[in-house]
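Some notes on the structure that comes next.
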Amino acid sequence: MQKTKIYSAKKIYTMNPCRPIVSHVAVKEGKILGAGSLEELASWGEFDLDDTFNEKVIMPGFVEGHAHTMEGTLWRKVYLGWFDRTDPSGKTWPGLKSINEIIERLSAAEKELSNEDLPLSGWSIDPIYMDNQRISRQALDQVSRTRPIGVLHASGHILNVNSKGLELAGLLKKGINHPGIPIGNDGYPTGELYGPDAMTPVGKHVGFDRSMTDCDEQGLRDYARLCVRAGVTTCTDLAARLTEESVSMMLRVTGEANFPACIVPLKVFFGMSPKDLVEFVKEIQTLSTERLRLGRIKAVLDGSIQGFSARLNWPGYFNGSPNGLWYTSPEQLLELYSLALENNLQIHTHTNGDQATQLAIETLEAVLKVHPSFDHRFTLQHCQLASTAQFRKMSKLGMCVNLFANHHYYWGDEHYRLTVGPERAERMNACRTALDANVNMAIHSDAPITPLAPLFTAWCAVNRLTVSERVQGEHEKISIEEAMFAITLGAAYTLHMDHEIGSIEIGKRADFAILEDDPFEAKPVDLKNIAVWGTVQSGRIFEADNLS
Amino acid sequence: MKETPVILVSGYLGAGKTTLINNLLREPNGKRLAILVNEFGELAIDEDLIEAKDDNLISISGGCICCSFGDDLSGALSDLAKFLPAPDYILIESSGVALPNQIVANVGLLNKFFMAGVVCIVDCSNVLQKLRDGYVSDLIASQIENSNLIILNKTDACSAQKLELIKEQISVDLNANLIASTTFSNISFEILEELQGISAACSDTDHADDVFDSVVIYPSNIDDPVNLGNLLLNATGIERAKGYFEDIANNRWLIQISSGALQLKQVQDHFPIGIVVIGLKGHFDISTVASLVQR
């Protein structure tokens with residue numbers, strides 16, 4: 001039998017209200033044997049004392065309730081974002097502040113590519129920080145005229161390609177008439193492609209193919225390294241296609257002895273009937289392991305607010321854009337919710353606009369009357385525009401929410417100015433209102449859309465600053481304690497996993513975030529600067545700077 | 001290279017799209033159809049017609065195939081482009097929440113295909129209600145407005161008075177003027193084929209409605225088939241016509257008018273009655289053509 005190990009630390013925040021702060025934690029067989037004083041824990045019998053974390057602050061391992069493992073795969077492409085960002089190996093790529101800098105980084109990467117036919121792909125550009133300057137195909141042609149090049153925007157909804165990329169897709173021609181393909185003065189496409197419809201036919205030629213929403217084998221390993229750097233020990237993969245092949249790949253990779261995180265993939269409801277989907281998910285649920293939790297479904301109701309494809313209640317978009325798109329019909333949602341409750345499966349539903357949120361609420365209320373379910377924890381993901389009344393209703397129905405706190409920082413200014421106007425922009429991602437209405441709440445990064453970093457996400461919810469350093473929604477701020485709860489137990493609860501993770505207490509999995517400083521003692525504005533040393537996952541130690 | 005015509009079958013959930021697809025697969029009118037459906041789900045193909053089947057493709061005797069495209073229609077079409085020999089027609093059954101103009105734009109990006117027309121199936125049992133529904137009214141209206149042919153389905157589920165209301169709302173408020181009525185999605189492929197005529201004849205413009213007017217008539221009890229044919233052929237402004245009618249002795253006739261020529265022949269099968277008649281806007285005398293049926 002494994003010997004008990006007792007870790008000492010500067011401070012251990014357990015998130016367990018019975019004994020919130022302790023000095024030691026005992027670990028045995030990957031689980032927490034106890035949290036308390038050395039004297040208390042020593043009474044369990046023989047142990048080794050480990051002082052590795054003597055100068056560190058220990059928290060429960062962070063739980064990211066809405067991210068996508070595809071970020072691991074994206075890091076094999078060229079990072080071109082405005083903000084500094086750290087890759088799985090720990091190298092920080094400085095943010096790029098002009099189109100020239102973007103072209104330079106692409107050119108440098110182009111010279112590294114051996115094979116002439118290989119596409120060159122970049123990701124995470126965002127013209128809104130560069131006075132909305134667009135990157136034309138001619139600009140990308142400066143990098144190469146012969147090699148196909150594609151550059152994905154931070155939102156994931158826009159792709160820029162060079163002339164070769166268009167040519168390979170048969171689109172370097174005049175007379176194209178498509179709402180997602182703007183035409184230049186010369187009559188040819190500009191190289192900018194809006195939305196999946198326009199992106200898909202070209203994407204496969206520039207390194208972004210159909211299945212890019214799923215990670216690949218190396219991508220999954222790389223993604224797990226990002227988790228360690230962020231203090232994350234359990235992470236969702238919120239809209240996986242989850243084919244039989246990808247499930248077996250994920251089982252194999254997460255089963256490797258040094259895989260450092262628990263991954264929770266949700267099978268997306270798309271291109272399958274509700275009945276077939278429920279059958280499939282029930283089937284793969286039985287394959288779950290300690291580090292790969294299967295058996296949950298993600299439904300997508302509408303699009304995005306900045307893409308004007310979210311479904312909004314009256315008065316709609318601030319700039320007068322027509323209402324957005326339904327990706328799932330009310331009838332399909334009803335059928336899916338019914339079947340899921342009947343079969344004890346949990347559903348997370350993407351809603352961005354308040355009309356989509358309303359539909360999810362009304363549908364669940366109707367289904368609960370037929371299939372009473374006292375602890376369903378159906379969760380609305382993003383739910384960015386929800387009103388106070390909607391949060392009250394969600395609370396009554398036992399729904400959870402996972403708000404997109406990071407979005408507020410990166411695109412809050414745009415929402416204020418353009419998409420929804422001042423009043424609704426201030427209530428977007430209304431953490432205060434959600435908690436006051438007693439809705440169980442998590443907050444998320446939606447990585448790779450924004451970086452995986454729960455302490456940064458907490459900073460966003462606590463400070464509500466936008467990129468322009470304006471506080472947007474003073475009254476929706478939450479405290480540091482509430483934010484710390486949201487990134488641990490709050491998120492664990494939305495996954496029905498709060499009995500095994502999210503706090504440091506006897507019997508739970510030994511999952512810790514090891515921090516260099518104390519977030520509870522930090523000034524709110526410094527929260528995001530707290531360094532993460534690494535994690536302990538199922539009792540295994542992973543140091544961010546020393547990953548194999 | 002010859003481009004394959006694509007017909008989009010649009011309409012909200014439960015309107016009867018899958019039933020139509022099932023009907024067409026049973027009687028493809030000698031054509032080799034490739035049908036793309038979101039998922040196989042309710043698709044009921046008689047087992048004895050199935051030649052081969054895998055996760056995404058069903059081969060049906062007579063040369064028809066049926067594929068599920070899941071979340072990737074462009075990809076499925078690209079795969080289909082490699083299929084030899086090319087099918088005579090590709091039919092896409094869109095998802096109930098899809099906007100037809102988006103799919104039309106997407107098909108327009110792919111070489112090897114051209115859009116022959118958009119059919120929208122309307123469920124008469126609930127369309128008026130859906131057109132007032134806060135969640136989907138704009139979606140249903142958009143599906144109707146962006147189609148070349150409206151098929152009013154399940155007409156047996158509503159009164160004559162309600163049917164008139166539906167027709168009025170669709171033709172006046174939503175500006176759709178080519179309308180056929182049926183039950184159980186009973187529309188022959190001949191009528192859908194005629195859509196190709198609409199699009200091909202007006203390839204210079206985006207909006208068939210701007211150039212053509214059209215009407216569907218349902219002649220039965222016709223005492224003189226040849227006379228009906230000639231009356232149609234000589235109707236003012238007529239461009240094309242195609243479909244079936246029934247004579248006084250309950251015989252079925254196929255009628256086709258194109259390029260000023262009339263083709264008339266008796267057929268054995270009991271194809272559904274209905275003739276699509278298309279003429280140039282401003283010249284075409286719809287009321288005279290419609291009155292032919294009353295005689």
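The values are calculated or read from the model by the stated rules, or taken from the named source; none is laboratory data. The model shown is predicted, which means the values in this text are computed figures rather than measured ones. Reconstructed Cβ throughout: ideal geometry from the backbone, glycine too, with neighbour counts over all protein chains shown. Side chains included, ligands, DNA and RNA excluded: accessible areas come from the protein's heavy atoms. Shrake-Rupley method; radii C 1.70, N 1.55, O 1.52, S 1.80 Å.
Tally the residues that are within 14 Å of chain A (Cβ to nearest Cβ), under 13 Å from B:Cys67 (Cβ atoms) and part of a loop (DSSP other than H, G, I, E, B), restricting the search to region B:23-51. Before the answer, list the steps.
Initially, region B:23-51 is screened for residues within 14 Å of chain A (Cβ to nearest Cβ), giving B:36-44.
Then drop every residue that is not under 13 Å from B:Cys67 (Cβ atoms), which leaves B:36-40, B:43.
Remaining after also requiring part of a loop (DSSP other than H, G, I, E, B): B:38-40, B:43.
Number satisfying all stated conditions: 4.
So which helices (runs of 4 or more DSSP H) are wholly in region A:146-243 and hold at least 3 residues that are without any contact (Cβ under 8 Å) to a residue 40 or more places away in the chain?
Details: elements: A:163-168, A:195-203, A:217-230.
So the answer is A:163-168, A:195-203.
Consider region A:371-391. How many of its residues are under 20 Å from A:His475 (Cα atoms) and crowded, with 17+ Cβ neighbours inside 10 Å? Spell out how you get there, then give the answer.
Step one: filter region A:371-391 for residues under 20 Å from A:His475 (Cα atoms), giving A:382-391.
Right, trim to crowded, with 17+ Cβ neighbours inside 10 Å and you get A:382-386, A:390-391.
The number of residues fulfilling the criteria is 7.
What strands (runs of 3 or more DSSP E) completely inside region B:207-295 contain at least 2 residues that are modelled with pLDDT of 85 or more and under 22 Å from the mean Cα position of the chain (by Cα)? Can you show your working first?
Details: elements: B:212-217, B:238-246, B:252-258, B:261-267, B:274-280.
Those strands (runs of 3 or more DSSP E) span B:238-246, B:252-258, B:261-267.
Within region B:94-123, which residues are open to solvent by less than 20 Å² (accessible area, probe 1.4 Å), away from chain A (no Cβ under 11 Å) and within 30 Å of A:Glu167 (Cα to Cα)?
Once the filter is applied, which keeps residues that are open to solvent by less than 20 Å² (accessible area, probe 1.4 Å), away from chain A (no Cβ under 11 Å) and within 30 Å of A:Glu167 (Cα to Cα), region B:94-123 yields B:Ser94, B:Pro100, B:Phe113, B:Ala116, B:Gly117, B:Val118.
Please pick out the residue among A:Leu368, A:Leu341, A:Leu334 that is open to solvent by 10 Å² or more (accessible area, probe 1.4 Å) and within 14 Å of chain B (Cβ to nearest Cβ). Give the derivation first.
Details: A:Leu368 fails: within 14 Å of chain B (Cβ to nearest Cβ); A:Leu341 fails: within 14 Å of chain B (Cβ to nearest Cβ).
Exactly one residue qualifies, and that residue is A:Leu334.
Does region A:344-362 hold any residues that are open to solvent by 10 Å² or more (accessible area, probe 1.4 Å) and within 20 Å of B:Gln143 (Cβ to Cβ), and which are they?
Listed by number, the list holds a single entry, A:Gln355.
How many residues are more than 12 Å from chain B (Cβ to nearest Cβ), closer than 26 Å to A:Cys383 by Cβ and open to solvent by 50 Å² or more (accessible area, probe 1.4 Å) if we restrict to region A:249-301?
Summing the residues that are more than 12 Å from chain B (Cβ to nearest Cβ), closer than 26 Å to A:Cys383 by Cβ and open to solvent by 50 Å² or more (accessible area, probe 1.4 Å) in region A:249-301 gives 1.
The conditions are (1) over 29 Å from A:Ala154 (Cα atoms); (2) open to solvent by less than 50 Å² (accessible area, probe 1.4 Å); (3) in contact (Cβ under 8 Å) with a residue 12 or more places away in the chain; (4) more than 19 Å from the chain's Cα centre (by Cα), and A:Met497 fails exactly one of them. Which is it?
Unmet for A:Met497, out of (1) over 29 Å from A:Ala154 (Cα atoms); (2) open to solvent by less than 50 Å² (accessible area, probe 1.4 Å); (3) in contact (Cβ under 8 Å) with a residue 12 or more places away in the chain; (4) more than 19 Å from the chain's Cα centre (by Cα): (4).
Can you pull out the residues in region B:75-90 that are open to solvent by 20 Å² or more (accessible area, probe 1.4 Å) and either more than 14 Å from chain A (Cβ to nearest Cβ) or out of contact with any Phe, Trp or Tyr (no Cβ under 8 Å at 6 or more places or on another chain) (or both)?
Filtering region B:75-90 down to residues open to solvent by 20 Å² or more (accessible area, probe 1.4 Å) leaves B:78-79, B:81-86, B:88.
Scanning region B:75-90 gives B:Ser78, B:Asp79, B:Lys82, B:Phe83, B:Leu84, B:Pro85, B:Ala86, B:Asp88.
Working only within region A:183-234, note down all residues that are surrounded by fewer than 21 Cβ atoms within 10 Å (Cβ to Cβ) and polar (S, T, N, Q).
Listed by number, the residues that qualify are A:Asn185, A:Thr190, A:Ser211, A:Thr213, A:Gln218.
Among the listed residues A:Gly156, A:Gly180, identify the single one that is away from chain B (no Cβ under 14 Å) and either open to solvent by 10 Å² or more (accessible area, probe 1.4 Å) or in contact with a Gly (Cβ under 6 Å, 6 or more places away or on another chain) (or both).
Details: A:Gly180 fails: away from chain B (no Cβ under 14 Å).
Just a single option satisfies the conditions, and that option is A:Gly156.
With under 29 Å from A:Arg509 (Cα atoms), at pLDDT 95 or above and surrounded by fewer than 24 Cβ atoms within 10 Å (Cβ to Cβ) as the only criterion, which of A:Phe456, A:Phe404 stands out? Working first, answer last.
On the way: A:Phe404 fails: surrounded by fewer than 24 Cβ atoms within 10 Å (Cβ to Cβ).
That would be A:Phe456, the only listed residue that is under 29 Å from A:Arg509 (Cα atoms), at pLDDT 95 or above and surrounded by fewer than 24 Cβ atoms within 10 Å (Cβ to Cβ).
Can you tell me which residue is surrounded by the most Cβ atoms within 10 Å (Cβ to Cβ) among those in region A:77-95 that are closer than 18 Å to A:Gly156 by Cα and not charged (D, E, K, R)?
It comes out as A:Leu80.
Does B:Ile35 satisfy the condition of being modelled with pLDDT of 90 or more, of a type outside the set (Ser, Thr, Tyr) and either touching a His at 6+ places or on another chain (Cβ under 7 Å) or surrounded by 14 or more Cβ atoms within 10 Å (Cβ to Cβ) (or both)? Outline the logic, then answer.
Details: modelled with pLDDT of 90 or more: yes; of a type outside the set (Ser, Thr, Tyr): yes; either touching a His at 6+ places or on another chain (Cβ under 7 Å) or surrounded by 14 or more Cβ atoms within 10 Å (Cβ to Cβ) (or both): yes.
In short, yes.
Among (1) part of a strand (DSSP E or B); (2) closer than 24 Å to A:Leu336 by Cα, there is one condition A:Lys282 misses while meeting the rest; what is its number?
Going through the list (1) part of a strand (DSSP E or B); (2) closer than 24 Å to A:Leu336 by Cα, A:Lys282 breaks only (1).
Scan the strands (runs of 3 or more DSSP E) fully inside region A:1-109 and keep the ones with 2 or more residues being out of contact with any Pro (no Cβ under 8 Å at 6 or more places or on another chain) and within 27 Å of A:Asn529 (Cα to Cα). Reasoning before the result, please.
Working: elements: A:4-13, A:21-28, A:31-36, A:47-50, A:57-60, A:62-64.
In region A:1-109, A:4-13, A:21-28, A:57-60 are the strands (runs of 3 or more DSSP E) which contain 2 or more residues that are out of contact with any Pro (no Cβ under 8 Å at 6 or more places or on another chain) and within 27 Å of A:Asn529 (Cα to Cα).
Does B:Asn126 satisfy the criteria of being more than 9 Å from chain A (Cβ to nearest Cβ), within 23 Å of B:Leu13 (Cα to Cα) and crowded, with 22+ Cβ neighbours inside 10 Å?
Details: more than 9 Å from chain A (Cβ to nearest Cβ): yes; within 23 Å of B:Leu13 (Cα to Cα): yes; crowded, with 22+ Cβ neighbours inside 10 Å: no.
So B:Asn126 fails the test.
Across region B:27-55, which residue is nearest to B:Ala116 (Cα to Cα) among those that are in contact with a helix residue (DSSP H, G or I) (Cβ under 8 Å, 6 or more places away or on another chain) and not hydrophobic (A, V, I, L, M, F, W, C)?
First pass over region B:27-55, keeping only residues in contact with a helix residue (DSSP H, G or I) (Cβ under 8 Å, 6 or more places away or on another chain): B:27-29, B:31, B:33-37, B:39, B:41-46, B:49.
This time we only want the ones that are not hydrophobic (A, V, I, L, M, F, W, C), so: B:27-29, B:31, B:39, B:41-42, B:46.
Numbers: B:Glu27: 20, B:Pro28: 17, B:Asn29: 17, B:Lys31: 15, B:Glu39: 23, B:Gly41: 26, B:Glu42: 26, B:Asp46: 28 Å.
Only one residue tops the list, namely B:Lys31.
So in region B:179-205, with the set limited to residues that are hydrophobic (A, V, I, L, M, F, W, C) and assigned to a helix (DSSP H, G or I), which one is modelled with the lowest pLDDT? Full working, then the answer.
As a first pass, look at region B:179-205 and keep what is hydrophobic (A, V, I, L, M, F, W, C): B:179-180, B:184, B:187, B:189, B:191-192, B:195, B:198, B:200-202.
Filter once more, keeping what is assigned to a helix (DSSP H, G or I): B:189, B:191-192, B:195, B:198, B:200-201.
On the way: B:Phe189: 76, B:Ile191: 75, B:Leu192: 75, B:Leu195: 70, B:Ile198: 54, B:Ala200: 50, B:Ala201: 45.
So, considering only residues that are hydrophobic (A, V, I, L, M, F, W, C) and assigned to a helix (DSSP H, G or I), the one modelled with the lowest pLDDT is B:Ala201.
Looking for whichever is within 14 Å of another protein chain (Cβ to nearest Cβ), at pLDDT 75 or above and open to solvent by 50 Å² or more (accessible area, probe 1.4 Å) here; the options are B:Glu164, B:Glu145. Which one fits? Talk me through it step by step, then tell me what you get.
Numbers: B:Glu164 fails: within 14 Å of another protein chain (Cβ to nearest Cβ).
Being within 14 Å of another protein chain (Cβ to nearest Cβ), at pLDDT 75 or above and open to solvent by 50 Å² or more (accessible area, probe 1.4 Å) holds for just one of B:Glu164, B:Glu145, which is B:Glu145.
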